[in-house]
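The values are calculated or read from the model by the stated rules, or taken from the named source; none is laboratory data. Not measured: the values here are computed from a predicted model. Backbone-built Cβ (ideal geometry, glycine too); neighbour counts: all protein chains shown.
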Amino acid sequence: MTEDKSKNGIAIEEAFNVIDANDTQALLDQHVIQLTRMPEDADPYEKFKLRLEIASDLLALERKQECWPEAKECFDFFIQHKHWQECAEACDVMYQCEHEDSLIALANGIWLAVTFPVAPETTVALLQHVVDETPNDSDGAAVAAVTAHYIANLRSTDEKRDSLTFLTTQIISQVAKRHSHVEDQEMLDFWLEKLELTDPKLFLPRLAQVLEVILQDNWWYDRDELRRMIPDN
């Protein structure tokens, strides 16, 4: 009986996977039709927003080779027109494509997401990827986790702050545990102080160093030009 239940469980899971794939394919087809029906003089931003949806659909269907160029073209348009949120979203999609430049996409997206007012949920998701990619004994994960918590506090509205900062607090705790076997709040406070992770004037430059190591000068935009767009206040 146990074996039969196990087989039934697998069959049910596979059936749900098929349903999910069918739903995603239907959504992709719908988005492609919408794109083909858009007039030639339609707003280019709306076209590329829809193309980014198509890239996300392709990713969900594991069609990653098709997804990458679609997402990259979207990124190129959005960076040209300074649409920071969409740039970050395109980078998140490209990171998940398992392309040879996926980490390059991730690092480019993180710099934009931390520098400009990208949605905190998007920024935290990008920084979570760094945590997942970084070895347990590396300080890079700690810097990414603390930055995620800082951004969640800084940009979240009261309504969302509690849930998002709860998530980022959990990320910090997990990183501290795997990095230095931190088990309680007192140890965590000491660990944060020891690694100089309590002051954004200290940990944000360290995040920049992490991104430099990942990118090796493979930036997809001129940072100096973009920095000049940041208001002084």
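Brief remarks follow.
- Top-ranked residue of the range 172-201 - restricted to ones that are of a type in the set (A, V, I, L, M) and either not in a helix (DSSP H, G or I) or not assigned by TED's automatic domain parsing to the domain that holds Leu106 (or both), ranked as surrounded by the most Cβ atoms within 10 Å (Cβ to Cβ): Leu197
Results for (1) modelled with pLDDT under 95; (2) within 11 Å of the chain's Cα centre (by Cα); (3) not assigned by TED's automatic domain parsing to the domain that holds Thr165, shown as yes or no for each residue.
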position: Lys82; (1), (2), (3): no, no, yes
position: Val93; (1), (2), (3): no, yes, yes
position: Gly109; (1), (2), (3): no, yes, no
position: Pro117; (1), (2), (3): yes, no, no
position: Gln128; (1), (2), (3): no, yes, no
position: Val143; (1), (2), (3): no, no, no
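- Close pairs from the range 186-202: first farther than 15 Å from Thr169 by Cα, partner in a helix (DSSP H, G or I), Cβ under 6 Å, at least 6 apart: Leu195/Ala142; Glu196/Leu202; Pro200/Tyr150
- Residue within the range 71-82 that is in a helix (DSSP H, G or I), within 30 Å of Val182 (Cβ to Cβ) and of a type in the set (Val, Ile, Thr) present: no
- Odd one out for Asp43 among (1) closer than 30 Å to Ala152 by Cβ; (2) modelled with pLDDT of 95 or more: (1)
- Selected residue (criterion: farthest from Thr147 (Cα to Cα)) from residues of the range 202-233 that are part of a loop (DSSP other than H, G, I, E, B) and aliphatic (A, V, I, L, M): Met229
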